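Worksheet: the structure to be examined is printed underneath.
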Amino acid sequence: MTENSNIAIKINHVSKLFHKQKQRTFKELIPALLGGEKAVESFWALQDIDLEIKKGETIGIIGPNGSGKSTLLKLIAGVSMPTKGSIKVNGRIAPLIELGAGFHPELTGRENVFLNGVILGMSRKEINEKFNQIVDFAELWDFIDQPVKHYSSGMYLRLAFAVAIHTEPEILLVDEILAVGDEGFQRKCFEKIEELRKNNITIIMVTHVLASVEKYCDRALLLKQSEIIAIGKVNEVLKKYSNNV
Amino acid sequence: MKMLESFTKYRELLSELTMREIKQRYKQSVLGYAWVILNPFFQMLVMAFVFSFIMRIPNLGVPYPIFLYAGLLPWTLFANSLGSASNALVGNAGLITKIYFPREIFVISTIIAKIVDFLLALSIFVAFMFYYHLSVNWNILWVIPIFAIQQLFTYGISLFLAAANLFYRDIQYLLGLVILIWMYLTPVIYPTELFPDKYRWIFQLNPMAVIINAYRQVVLGGGMPNIQSLGIALILSLIILVGSYKFFKKLEGIFADII
């Protein structure tokens, strides 16, 4: 498909219906069923989302809490399926959602680099080759053989970010993680993201920090109550955001 | 067969997740892996005491402790596998909402970790065999297919439990009770012969009963297992596995939404 070769992600009229299970235990479920209550409640988390993201583009998704930003990211990551419509993704995705989810506190930093790397789709061989770079980036040589439960939260996130960034993704999903660590490390993360942008990596950023959208994104998208309110030039969308919210 | 993808395409991920399970175990306690061996050993000692001195099981041809151990070890493997598999998805919520790979890998890795535990606990059994001067013959090779059937059965039930527990967390508590009752309906601590004749057909429908009897026949008795019963167990296990796998895969798309 030559016409699509420069499209990283194509989202085609996607809607997502959430079934919220009200009862999590039999103790709650049985009386509810006897009383004629419904066991599930549904609501639309996203409605008719139509979106094309080009390769190498950096797009920022903003919107109030509960507007569907994270759901959209989950759909792109492929962990959740759309109820209607379709999503096409071209290229290897590295999600930076909920950093550190693949870490185990009892394992050492070194063991966790391998665990998290493999989870993110690298082979052990690749991780071996990049191990020094990863630890250099995280600046954690002194602690790499200690269990990560002894790490400070900043150190923990530094290591997680370092692993994720070295998976050489073609599409990077970033969810509110850039408030990580001290200022020096934040600058380093931003520099790395700049570098990825130059290498034609597609970046999708979900954030509340409007400054980082202004600084890094080519385009912005405003979600409100599960629909796209505005999409386009960053400053126009940001203006709409401050008028709307 | 897409079912086998977890073992080929995702081999490295499977081994990392399995190592995580195994490592966390010995890092958490002082005795670490010793517990894996000591637990079933002490359980066996207590039960052997009760049933040789108080309840008095009739002569079985082999000493009761080793008769008991031959059933208790595979049973413990089965029960522990189901217990940890029912938590395999719930305990990995962070990953499930983050990145996609086939979710059964969580279930498989926890089962493999339990098999490692089992192999370690087996060392004491082997020591006991020497201690009592029990000999084995070529029929012992039957343990390989018997073990394979046990794992097929375990995997099938585990897939169902892991997915169901995501929806209703009661499953894991209910499971403890079911396992307890199930153990008494399986000839683990008593020989089949002690079970009333007219109800003995129940064992035919209980793959774990067939499997445990078969282990004893080939390891302690030195004979052939009951092929017909094993065949039924194999067919039942496969039916359950295919059904559970379909159930699991059908719900997989909404795991991240409800977790």
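Any read-out appearing in this document is the output of simple, stated calculations on the displayed coordinates, not a laboratory observation. Note that the coordinates shown come from a computational prediction; the quantities given were computed from them, not determined experimentally. Quick reminder, even Gly has a Cβ in these numbers, built from the backbone with ideal geometry, and neighbours come from all protein chains shown.
Odds and ends about this structure:
- Our summary of shape: the Cα atoms of region A:85-233 have principal axis extents of 48, 32, 30 Å, ordered from largest down, in whole angstrom.
- Calculated SAXS-style log₁₀ I(q)/I(0) at q = 0.15, 0.21 Å⁻¹ - region B:102-214, Debye, Cα scatterers: -0.90, -1.39
- For region B:171-242, the set of chymotrypsin sites (Phe, Trp or Tyr not before Pro) satisfying both a DSSP loop assignment and a count of at most 15 other C-beta atoms within 10 Å is given as B:Trp201.
- Unit Cα scatterers, Debye sum, region B:1-58: log10 I(q)/I(0) for q = 0.17 Å⁻¹: -0.72
- All-pairs alpha carbon distance profile, chain B, 5 Å steps from 0, percent: 1, 6, 12, 16, 18, 16, 13, 9, 5, 3, 1, 0
- Counting every other Cβ atom within 10 Å of each residue's Cβ, B:Glu16, A:Glu183, A:Glu194 order from fewest to most as A:Glu183, A:Glu194, B:Glu16.
- Longest exposed-site-free window of chain A, the sites being trypsin sites (Lys or Arg not before Pro) in a DSSP loop that have at most 15 other C-beta atoms within 10 Å: A:93-232
- Available extension along the chain between A:Glu194 and A:Phe43 is 50.6 nm, counting 0.36 nm per residue and deducting the alpha carbon span.
- Entry for region A:4-101 at q = 0.14, 0.16, 0.18 Å⁻¹: log10 I(q)/I(0) = -0.66, -0.79, -0.91, Debye formula applied to identical alpha-carbon scatterers, no solvent contribution.
- Per DSSP, loop chymotrypsin sites (Phe, Trp or Tyr not before Pro) in region B:1-85 with at most 13 further Cβ within 10 Å: none
- Over 18 Å between alpha carbons, listed pairs B:Lys23/B:Lys114; A:Lys55/A:Lys88; A:Lys125/B:Lys23: A:Lys125/B:Lys23
- Among A:Ile119, A:Ile204, A:Ile49, the largest mean-square fluctuation in a Gaussian network model of chain A, built with springs joining Cα atoms closer than 10 Å, belongs to A:Ile119.
- Tail fraction, Cα-Cα pairs, region A:195-245, threshold 15 Å, whole percent: 46 percent
- Within the listed set B:Ile96, B:Ile227, B:Ile211, the residue fluctuating most in the Gaussian network model of chain B (springs between alpha-carbon atoms under 10 angstrom) is B:Ile227.
- Computed across the protein assembly as shown, the Kirkwood hydrodynamic radius from all distinct Cα-Cα pairs reaches 25.9 Å.
- Violating pairs (Cα-Cα greater than 24 angstrom) within the set A:Lys54/A:Lys233; B:Lys2/B:Lys27; A:Lys10/A:Lys130; A:Lys74/A:Lys224: B:Lys2/B:Lys27; A:Lys10/A:Lys130
- For the protein assembly as shown, size of Cβ-based charge dipole, Lys and Arg +1, Asp and Glu -1, in debye: 780 debye
- Amide H to amide H, with H built 1.01 Å from N, A:Val209 comes under 5 Å of no residue 5 or more places away or on another chain.
- Lysines whose Cα lies under 17 Å from that of A:Lys38, excluding same-chain neighbours fewer than 8 positions away: A:Lys20, A:Lys22, A:Lys27
- Helix B:143-167 axis versus longest C-alpha principal axis of chain B: approximately 40°, rounded to the nearest ten.
- In summary, the aspartates and glutamates within cross-link reach of A:Lys240, defined as a Cα separation below 18 angstrom excluding same-chain residues under 8 places away, comprise A:Glu214, A:Asp218, A:Glu227.
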